[in-house]
1. Go through the stretch 54-80 and count every residue that is in contact (Cβ under 8 Å) with a residue 60 or more places away in the chain and buried (at least 16 other Cβ atoms within 10 Å of the Cβ).
2. Given the conditions (1) out of contact with any Cys (no Cβ under 9 Å at 6 or more places or on another chain); (2) over 26 Å from S123 (Cβ atoms); (3) free of Cβ contacts under 8 Å to residues at least 40 places away in the same chain; (4) not acidic (D, E), and given that T51 satisfies all but one, which numbered condition is not satisfied?
3. What tally of residues in the stretch 22-46 results from selecting those that are out of contact with any strand residue (DSSP E or B) (no Cβ under 6 Å at 6 or more places or on another chain) and either under 14 Å from V118 (Cβ atoms) or outside any loop (DSSP other than H, G, I, E, B) (or both)?
Amino acid sequence: AVLLNLNRMMSTGGHLALAVPVIDSLPAMFFRERWMGFKEEEHLFFFSRRTLRRLLEECGFSVCFEKLEGKHVSLDLLKRRLGCYSRFLSDTLRRIIPPRLGRSFNFYINPLDIRLVVASKRS
C-alpha cells in the first residue's frame with residue numbers, strides 16, 4: 001500500500017530509493033534467528049532480492065540500479081552487535097578498546113545484507 005501511494009504521488013520518471021535488509025543474504029542464512037536484520041521494532045517485512053524487485057514492478061516501478069550497501073558505524077555499535085554473535089569477541093573488544101575511542105571512531109562496513117535499490121516510476 002505504501003509503494004502504491006508513493007507511485008500515485010510521484011511524477012512519471014521520478015525516482016525512489018530504498019535500502020532494506022535482505023532475507024536471502026549470506027549473513028541472514030548463516031546466522032538465522034540471530035541475524036541482525038531481525039528487529040521487530042524496525043523491520044515489519046522481509047524481502048529477497050527477487051521479491052523486492054517483483055513488488056516494485058507490481059507497484060508501477062522499474063528497477064534502475066541495485067547493489068549491496070554498507071553503513072557507517074561506531075566501534076561501540078560494532079561491539080554491541082558482535083555480542084549477539086560472539087560473546088568472546090565482544091568481550092575482547094570491550095577490554096582492548098577504550099570507551100572514548102569506541103564512541104568517536106566511526107568506519108564504513110558492508111555486512112552484505114542490505115540491498116540499496118533505485119527505481120523509477122513507469123508511465
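The values are calculated or read from the model by the stated rules, or taken from the named source; none is laboratory data. Computed from a prediction, not measured in an experiment: that's the story for all the values here. Neighbour counts are summed over all protein chains in view; Cβ atoms, including those assigned to glycine, are modelled from backbone coordinates with ideal geometry. When the accessible area is computed, the model is the full protein with side chains, heavy atoms only, and any ligands, DNA or RNA have been set aside. Shrake-Rupley method; radii C 1.70, N 1.55, O 1.52, S 1.80 Å.
1. So the answer is 3.
2. Result: T51 fails condition (2) only.
3. 9
Residue by residue, here is whether (1) open to solvent by less than 40 Å² (accessible area, probe 1.4 Å); (2) under 29 Å from F61 (Cα atoms) holds:
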{"site": "C84", "(1), (2)": "no, no"}
{"site": "R87", "(1), (2)": "no, no"}
{"site": "R94", "(1), (2)": "no, no"}
{"site": "P98", "(1), (2)": "no, no"}
{"site": "G102", "(1), (2)": "yes, no"}
{"site": "Y108", "(1), (2)": "no, no"}
{"site": "D113", "(1), (2)": "yes, yes"}
{"site": "V117", "(1), (2)": "yes, yes"}
